[in-house]
1. Aspartates and glutamates near K75 by alpha-carbon distance under 16 Å, same-chain residues fewer than 8 away left out - which ones?
2. State the percent of C-alpha pairs, over all pairs in region 75-118, separated by a distance greater than 15 angstrom.
3. Which loop-located trypsin sites (Lys or Arg not before Pro) does region 20-66 contain, where loop means any DSSP state but H, G, I, E or B and the Cβ has at most 12 other Cβ atoms within 10 Å?
4. Could you work out, for region 22-62, what percent of all Cα-Cα pairs fall into each 5 Å distance bin, beginning at 0 Å and stopping at the bin that holds the largest distance?
5. In cubic angstrom, how much convex hull volume per residue do the alpha carbon atoms of region 42-103 span?
6. Hey, any idea what Rg/Rh is for region 1-82, computing Rh the Kirkwood way over Cα pairs?
7. In whole angstrom, how far apart do the alpha carbon centroids of region 26-88 and region 94-115 sit?
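Here, each number is a calculation from the coordinates, and none is a lab measurement. The shown structure was predicted, so the numbers you read here are calculated from the model rather than taken from an experiment. Every residue, glycine among them, receives a Cβ derived from its backbone with ideal geometry; neighbour counts consider all protein chains shown.
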Amino acid sequence: KDKGLTNLTHVTGDATVYPFDGKFHSMRAERVFQHLKDAEIVALVERLGTIAEPNCVFSLVGIDWETVTCTIPAKHRDLFLTLKKFLIDNSNINFLHSAIAAFEANGFATCDIALSTVKMDNFNVAMTASNMGNIASQLAIDDERFQSMRRDFIDGKHYFAVSGSTAAFVYQGK
């Protein structure tokens with residue numbers, strides 16, 4: 001709306017509850033499915049099939065936390081591995097396989113699947129994107145130690161690289 005668009009509405013909510021009555025010609029979920037259990041993915045995709053117009057394109061993007069690598073100083077390696085393990089243990093690493101099966105069972109045809117590697121050289125962006133500050137707090141990691149790791153990244157000499165999965169589906173109807 002800041003750019004003068006009048007046919008656009010941003011809605012934030014629960015991924016498993018859709019308050020829409022109309023049909024959509026395109027939909028996108030970025031870094032959502034990896035946080036859902038398989039049963040939630042199935043329920044969400046079943047709902048998407050009821051609100052998709054014919055030939056609706058659905059774009060799905062997610063992160064594979066098992067592939068995250070980091071050019072981190074040795075003094076922070078154990079902390080990084082602790083954060084990485086938390087991300088792996090608390091996300092659905094099988095989300096893409098589950099999503100493909102759910103989409104195809106609900107009238108969508110898989111039209112594209114790609115893997116990519118993303119380099120993040122701004123630690124603040126990486127930490128904000130994955131909520132690692134909150135994770136560090138949940139794991140009771142000493143804040144000074146965490147902030148020390150953050151400062152070492154801000155100097156620009158270190159970066160994260162993580163693989164992501166992208167898939168596109170086209171609704172063919174049931």
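1. D142, D143, E144, D152, D155
2. Numbers: 595 of 946 pairs.
When every Cα pair of region 75-118 is considered, 63 percent fall beyond 15 Å.
3. Passing both the DSSP loop test and the Cβ count: K23, K37.
4. Per 5 Å bin, starting at 0, the Cα pair percentages come out as 6, 24, 29, 26, 14, 2.
5. Values: hull volume 5.7 nm³, N = 62.
For region 42-103, the hull spanned by Cα atoms encloses 92 Å³ per residue.
6. Values: Rg = 18.0 Å, Rh = 15.9 Å.
Radius of gyration over Kirkwood radius for region 1-82 works out to 1.13.
7. Their Cα centres are 13 Å away from one another.
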